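Contents: one structure, followed by commentary.
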Amino acid sequence: PKLALLDALDRYRDWPIVIDEGLHPNIVGSIELVSGPRELVRLPEGVLLQLRHAVSIGSPGYTAYEYRYDPQQGPPDSEREHTLFSPVALDSVRQRAWRSAGATPRSERRIYITRPKGSVRPFVGGDRVEQFFASQGFEVVDTSGMNAREQVQLFSTARCIAGQSGAGMTNLVFAPSG
């Protein structure tokens, strides 16, 4: 969302994006989908880059699973408002990704996101859960072998998405509203 908002400012529209050379290909693909015609500079680990001007775009919504706190005093009395995303920014990302991926949004598919077989985070009883969702008319999908464009195209047609928490669920952003 931050990159999409940055693109709305003419001043920064043609600035290149510097990314870690070691990023997962799907992360790079997602950046390419929403960054438009910008140059992506892949910076190898340990290489310094000298810049005269830069805009830093950090993680748009990471929140630790649990805040760390003193067990004797209990959790802090605070809200996690910093993890909320702007609906305008998310819609901008969604629209841009749909255009870049050649997606035609329509709410028709029911998708159950599964984890890859042999995952380091296995889901005990996952086969039975998959069978249940399949019996209810859901397509069982493993997104781990899909590139970013394929994921945008698939989820742009979703009417209902179910699955375990994990990276595959970030594709919710590409589903039509409602």
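The values are calculated or read from the model by the stated rules, or taken from the named source; none is laboratory data. As the structure is a computational prediction, the values presented were derived from the model and not from experiment. Note: ideal-geometry Cβ built from the backbone for every residue, glycine included; neighbour counts use all protein chains shown. Accessible surface is based on the protein model in full, side chains and every heavy atom, while ligands, DNA and RNA are left aside. Shrake-Rupley method; radii C 1.70, N 1.55, O 1.52, S 1.80 Å.
Taking label positions 7 Å along the Cα-Cβ direction at both Arg99 and Ser56, the computed distance is 3.0 nm, reported to one decimal.
Summing +1 for each Lys or Arg and -1 for each Asp or Glu among the other residues whose beta-carbon sits under 11 angstrom from that of Asp20 gives -1.
Ranked from largest, the principal axis spans of the Cα set of region 111-164 equal 30, 26, 12 Å.
Kindly state, to the nearest 0.05, the FRET efficiency for Ser107 paired with Ala167, given R0 = 22 Å and r defined as their beta-carbon distance.
With a Förster radius of 22 Å, E is 0.45.
Sequence-distant contacts, meaning Cα pairs under 8 Å at least 6 residues apart, place the relative contact order of region 2-51 at 45 percent.
With Cβ to Cβ distances under 13 Å as the rule, what net charge do the other residues near Ser92 carry (K, R +1; D, E -1)? Summing Lys/Arg as +1 and Asp/Glu as -1 gives +2. Applied to region 104-116, the Karplus parametrisation 6.51 cos²θ - 1.76 cosθ + 1.60 on θ = phi - 60° returns per-residue 3J(HN,Hα) values of 10, x, 7, 8, 9, 9, 10, 10, 10, 8, 10, 8, x Hz, with x for Gly and Pro. Between Leu9 and Ser135, the simple spin-label model (points 7 angstrom out along Cα→Cβ) gives 5.4 nm. Using C-alpha pairs below 8 Å separated by at least 6 residues, the relative contact order for region 78-178 is 38 percent. Ligands, DNA and RNA excluded, the heavy atoms of Lys2 present near 90 Å² of accessible surface to a 1.4 Å solvent probe.
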